[in-house]
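Asks: Questions regarding the structure given below will be posed in turn.
What follows is calculated from the coordinates using simple rules that are stated; it is not laboratory data. Remember, it's a predicted structure, so these values are computed and weren't measured experimentally. Cβ atoms come from the backbone with ideal geometry, glycine included; neighbour counts cover every protein chain shown.
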Amino acid sequence: MGLMTPIATEAIASPNIALIKYWGNRDHELRLPANDSLSMTLGGLETRVRMALDPALDADRMVADSRPITGEPLERVSRFLQIVRQLSGRREYASIETWSNFPQGVGIASSAAAFAALAVAADAAYGLGLDRKSLSRLARRGSGSAARSVFGGFVRLRSGQEDAAAFAEPILGAGHWGLVDLIAIVSTSPKEVGSSKGHRLAETSPLQKARVEDTPRRFDLCMHALLARDFQRLATIVQQDSDLMHAVMMTSTPPLHYWEPATLAIMKTVLAWQAQGLQVAYTVDAGPNVHCLCPAAHAEEIQARLQAIPGVQTILCCHPGQEARLLIRPGAG
Ligand code: PMV
């Protein structure tokens, strides 16, 4: 029999914005989050992952948006695929290509979309046949927040004491509430300290223990606001949760400051708009860009106002999105 051309598998996933954020791990190797989190999957932003298993390869290979990936980012993907190889009992290395329609590594959860899509693609390529819960656990090993991007709509990530208990689950469908996330981009420079390193610093902040212990309260308030589609309550708790996480970051040793001057300028402007009665809320991940949430009916006006703030380069507009899914099955070529 001649050498067969490896058949590609393709999957797609969206990033997500955490309304109640995860920061810090109880186990870094397993990426067991220190606290429960709650997110909205971001429709409109997508990462596609195509992978082919190739018996001729002596290592995994990866190209992201036409750029070859090497060093630690490739090793991270390889460590992830090693888990899949162990689970499947197969040994082939993979050739991977990814495409994203949004900037990478700047605090828009690019690793969440990438590892959710990679988990779905690798599951199919290596023939694991995992159910959604197990796919979420697998994605978590690549990036904690990726566990949430396996699902669409509004999603909870259970922190769990052990690997089997730390997985995400959908709590409300994408159609529950037409919220819009306007991401005000103030910088597309790659961040200096990635979240994997940041999670390790969390425990050095004297505020982290209090933040983690208070999570059930914030989670309940957020859940009730979502269920009731109560924007004002949502805004209050989402902003407090974001500020708490950044307070932990800023008081770690060494300290982490992800905000740029424009980040704070946008946050203060959003607060001023709220005081005028506008329905809008800010939340900031591990980067300087500001996610501005609002009901769909106000999105056009808020977008125009955001665009006028000095330092805002561009605005990405997202709505509740769909789960990670396969586009091309292995053998379908
Ligand atoms: O999944 P990671 O390791 O990139 O961590 C995500 C951390 C935050 O985006 C800051 C918060 C969150 O819950 O998404």
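Asks: Just to be sure I understand: with springs between alpha-carbon atoms less than 10 Å apart, which residue in GLN276, GLN104, GLN240 has the highest mean-square fluctuation in the Gaussian network model of the chain?
Replies: GLN276
Asks: Another one. Which one of PRO288, ILE237, GLN313 has its Cα pushed farthest toward the positive end of the charge dipole of the chain, where Lys and Arg give +1 and Asp and Glu give -1 at the Cβ?
Replies: Result: ILE237, furthest along the dipole toward the positive end.
Asks: While we're here: Note down the magnitude of the dipole of segment 148-246 about its Cα centre, charges +1 on Lys and Arg C-beta and -1 on Asp and Glu C-beta and zero elsewhere, to the nearest 20 debye.
Replies: 60
Asks: Cα centroid distance between segment 235-265 and segment 279-327, in Å?
Replies: Value for the Cα centre distance between the two parts: 18 Å.
Asks: Can you tell which of GLY321, GLY144, GLY311 shows the greatest fluctuation in a Gaussian network model of the chain with Cα springs below 10 Å?
Replies: Comparing GLY321, GLY144, GLY311 in a Gaussian network model of the chain, the most mobile one is GLY311.
Asks: Classify segment 1-125 as rounded, prolate or oblate from the Cα gyration tensor: take a ≥ b ≥ c as the square roots of its eigenvalues, call it rounded if a/c is under 1.5, otherwise prolate when a/b beats b/c and oblate if not.
Replies: Verdict is prolate for segment 1-125.
Asks: Further question on the same structure: In whole Å, largest first, what are the principal axis extents of the Cα atoms in the chain?
Replies: 73, 40, 36
Asks: Neighbour counts of other C-beta atoms within 10 Å: give me THR269, THR204 arranged from fewest to most.
Replies: THR204, THR269
Asks: When we measure straight from the Cα of LYS191, which lysines land under 20 angstrom away, once same-chain ones fewer than 8 places off are left out?
Replies: LYS21
Asks: Ok, one more. Would you compute, from DSSP H runs of 4+ residues alone, the mean residue ellipticity of the chain at 222 nm, taking -39500 (n - 2.57) per run and dividing by the full residue count, rounded to the nearest 500?
Replies: That comes out to -11500 deg cm²/dmol.
Asks: Same structure again: In percent, how large is the relative contact order of segment 9-174, given Cα pairs closer than 8 Å and 6 or more residues apart?
Replies: 29
Asks: In which sequence would THR188, THR47 go, from the one with the fewest C-beta neighbours within 10 Å to the one with the most?
Replies: Fewest-to-most ranking of THR188, THR47: THR188, THR47.
Asks: Is there a quick way to get the dipole size of segment 225-332? I mean about its Cα centre, with the Cβ of Lys and Arg at +1 and of Asp and Glu at -1; what is the value in debye to the nearest 20?
Replies: In total the dipole reaches around 180 debye.
Asks: Which whole-number percent gives the relative contact order of segment 179-320, counting Cα pairs below 8 Å spaced six or more residues apart?
Replies: Contact order relative to length: 44 percent.
Asks: Quick one: check the C-alpha center-to-center distance for segment 64-84 versus segment 141-159, whole angstrom.
Replies: The distance from the Cα centre of segment 64-84 to that of segment 141-159 comes to 20 Å.
Asks: Please compute the contact order of the chain in relative form: average sequence separation of alpha-carbon pairs under 8 Å and at least six residues apart, divided by the residue count, as a percent.
Replies: Over the chain, the number comes to 27 percent.
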